[in-house]
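This report refers to the structure that appears directly beneath it.
The values are calculated or read from the model by the stated rules, or taken from the named source; none is laboratory data. None of these values were measured; they are calculated from a predicted model. Cβ: placed from backbone, ideal geometry, glycine included. Neighbour counts: every protein chain shown. In case anyone asks, the SASA skips ligands and DNA or RNA and just uses the protein heavy atoms, side chains included. Shrake-Rupley method; radii C 1.70, N 1.55, O 1.52, S 1.80 Å.
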Amino acid sequence: MEIKQDRGKVCKFISATLTYIPTHCAVCGMKNEHFSVIKNGTQTSRITLPLTGVHRTFLLLKKQRFFCKSCS
Ligand SMILES: [Zn+2]
């Protein structure tokens, strides 16, 4: 957990990573065989946690992105 200043206010940041191996492409439905759907970096989402405390709390969630060799 990190505590940072955001626009003059002290905020807490919690980092988390969401990753998994897909069974198929979510777009074209191509089965993930022989690594036809590969990992393509992560995209970080900043989610405000609905917790009341002294400081605002954000969850920095890194979401796994994928690249499909079938439909790109
Ligand atoms: Zn696809």
**Report entry** Among SER72, PRO22, GLY8 the positive-end extreme of the charge dipole of the chain (Cβ point charges)
**Finding:** GLY8
**Report entry** Residues LEU61 and HIS34, FRET efficiency given R0 of 30 Å [Cβ-Cβ distance, rounded to 0.05]
**Finding:** 0.50
Report task. Quick one: pull the percent of accessible area on the chain belonging to carbon and sulfur, 1.4 Å probe, ligands and nucleic acids left out. Result -> 55
Report task. Using only the alpha carbons of the stretch 33-72, determine the length spanned along each of the three principal axes and report them from longest to shortest in whole angstroms. Result -> 49, 15, 12
Query raised in the report: For HIS24 and ILE47, what is the calculated FRET efficiency with R₀ set at 22 Å and r taken between the beta-carbons, to the nearest 0.05?
Result: 0.25
Query raised in the report: Considering lysine pairs in the chain that are 8 or more places apart or on different chains, how many have Cα atoms under 28 Å apart?
Result: 14
Query raised in the report: For the stretch 2-68, what ratio Rg/Rh do Cα atoms give with a Kirkwood hydrodynamic radius?
Result: 1.20
Query raised in the report: Roughly how big is the chain's charge dipole about its Cα centre, with Cβ charges of +1 (Lys, Arg) and -1 (Asp, Glu), in debye to the nearest 20?
Result: 220
Requested in this report: Run through the DSSP bridge list for the stretch 2-68 and note the antiparallel percent, rounded to the nearest 5.
Outcome: 65
Report summary line: Unpartnered Cys in the chain, judged by a 4.7 Å Cβ-Cβ cut-off, are CYS11
Report summary line: Taking a probe of 1.4 Å and leaving out DNA, RNA and ligands, the stretch 2-68 shows per residue an accessible area in Å² of 77
